[in-house]
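S.K.: Sharing a structure, written as C-alpha cells. Questions coming.
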Amino acid sequence: MKKRIAVVYAVLSSIYLASLLFSPYAYQFVLKALPVALLTLAVVKSTAGITRVVLACALIFSLAGDVVLALPIEYSFLAGLACFFLAHVTYVLSFYCFTKRADHVQHTNAFSPLAKGLISLCVLIFALLMAMHILPEANTLFFPVLAYISVILTMGLSAIWLGNTRLIICGAVLFIVSDAVLAQSVFRTPLPLSPFLVMLTYYAAQYCLAFGLMAAFNPDSEN
C-alpha cells in the first residue's frame, strides 16, 4: 500500500512542479495541495491513536499553509508562516512520541552520536547564517520570521536526536533547505528556478518525514 501511495505522490508532485511553467493559474492551490493531502490520508490509514492525531495535524497544518500561500489574499505570507509554525511544532511532538514508545529500539538510531552532532552543528550554523542574512530585510515581519526560524531549527534538531532514522533526518534537512530558498526569494534576490527548487525540496521533505515516521511507528507494517 505504501509503495502505491509513494508512486501516486511522486506523480502528483511532478504534475504540480511541471505546472509551475504556467503559474499563476486558476485554482493553483488545489494542485499544489494534492500531494500533502495524499500523505495525510496515508497517515490516517496507516497509524492509530496519538500517533495518527499528531502526524495528521502536522500534515494538515502544512496543507493549510500550502493553500494560503497560493491564494492572492492580504497577509497570505504571514498566515502561511503561522500554519507552518504549527506544523513544525506538531512534528516535534511526533518525534517525542516516537522516543516514548515502549517498543522503541536502538537500531532506529541510524547515525552515531558523533555524526548526529556534526549534522546538528551544520544545521545550527546554517540557521544562524540565514537569520543574519534574512532578518535585516524582514522589517515588520522581523519577530514572526525570527519565531519561525527558531521553530524550524528546533524541528531539525529534534529530528536528528529524537527522530533518529535517516529518512526522518533527511526530511528535516530538506525542509530547512526549502524554507531557506523561499526566504531568499521573499526577502532577498530570488535564486534561479526558485519556485521549482522550493517545491521540489518541500515535497521531498514531506515525503521523508511522513514515510519515515510511519515506518518508525510501524516497523513491521507492509511496505
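S.K.: Yes or no: the stretch 111-132 includes at least one residue that is in a loop (DSSP other than H, G, I, E, B) and either farther than 18 Å from C208 by Cα or small (G, A, S) (or both).
M.R.: Yes, some residue in the stretch 111-132 is in a loop (DSSP other than H, G, I, E, B) and either farther than 18 Å from C208 by Cα or small (G, A, S) (or both).
S.K.: Still on this model: Which one is nearest to the chain's Cα centre (by Cα), of the residues in the stretch 32-69 that are among the charged types (D, E, K, R) and modelled with pLDDT under 95?
M.R.: In this case the residue turns out to be R52.
S.K.: Also, quick follow-up: Consider only pairs whose beta carbons are under 6 Å apart and that are at least six residues apart or on different chains; among these, list those whose first residue lies in the stretch 1-30 and is open to solvent by less than 70 Å² (accessible area, probe 1.4 Å) and whose second residue is part of a helix (DSSP H, G or I) and of a type in the set (V, I, T).
M.R.: Taking only residues 6 or more apart or on different chains, the pairs are F29/V67.
S.K.: Right, next: Any idea which residue in the stretch 31-48 is farthest from I73 (Cα to Cα), counting only those that are aliphatic (A, V, I, L, M), open to solvent by 20 Å² or more (accessible area, probe 1.4 Å) and not in a loop (DSSP other than H, G, I, E, B)?
M.R.: Among residues in the stretch 31-48 that are aliphatic (A, V, I, L, M), open to solvent by 20 Å² or more (accessible area, probe 1.4 Å) and not in a loop (DSSP other than H, G, I, E, B), the one farthest from I73 (Cα to Cα) is V44.
S.K.: Only one of A58, A82 is under 20 Å from M199 (Cα atoms) and surrounded by fewer than 21 Cβ atoms within 10 Å (Cβ to Cβ). Can you tell me which? Quick ask: steps written out before the conclusion?
M.R.: Working: A58 fails: surrounded by fewer than 21 Cβ atoms within 10 Å (Cβ to Cβ).
On inspection, the qualifying residue turns out to be A82.
S.K.: Please find, within the stretch 170-218, the residue that is surrounded by the most Cβ atoms within 10 Å (Cβ to Cβ) out of those that are in contact (Cβ under 8 Å) with a residue 12 or more places away in the chain and part of a loop (DSSP other than H, G, I, E, B).
M.R.: Checked the stretch 170-218; the qualifying residue surrounded by the most Cβ atoms within 10 Å (Cβ to Cβ) is N218.
S.K.: Right, something else. With the condition kept exactly as written, say whether any residue in the stretch 16-30 is closer than 22 Å to A159 by Cβ and at pLDDT 95 or above.
M.R.: Filtering the stretch 16-30 for residues closer than 22 Å to A159 by Cβ gives none.
No, the stretch 16-30 contains no residue that is closer than 22 Å to A159 by Cβ and at pLDDT 95 or above.
S.K.: Got a sec? Which of S19, S13 is polar (S, T, N, Q) and over 20 Å from the mean Cα position of the chain (by Cα)?
M.R.: The match here is S19.
The values are calculated or read from the model by the stated rules, or taken from the named source; none is laboratory data. Keep in mind that what you see is a predicted model, and the values were worked out from it rather than measured. All Cβ positions, even for glycine, are placed from backbone atoms using ideal geometry, and neighbour counts span all protein chains on display. For the accessible areas, the whole protein counts, side chains as well, though only heavy atoms, and no ligand, DNA or RNA atoms are used. Shrake-Rupley method; radii C 1.70, N 1.55, O 1.52, S 1.80 Å.
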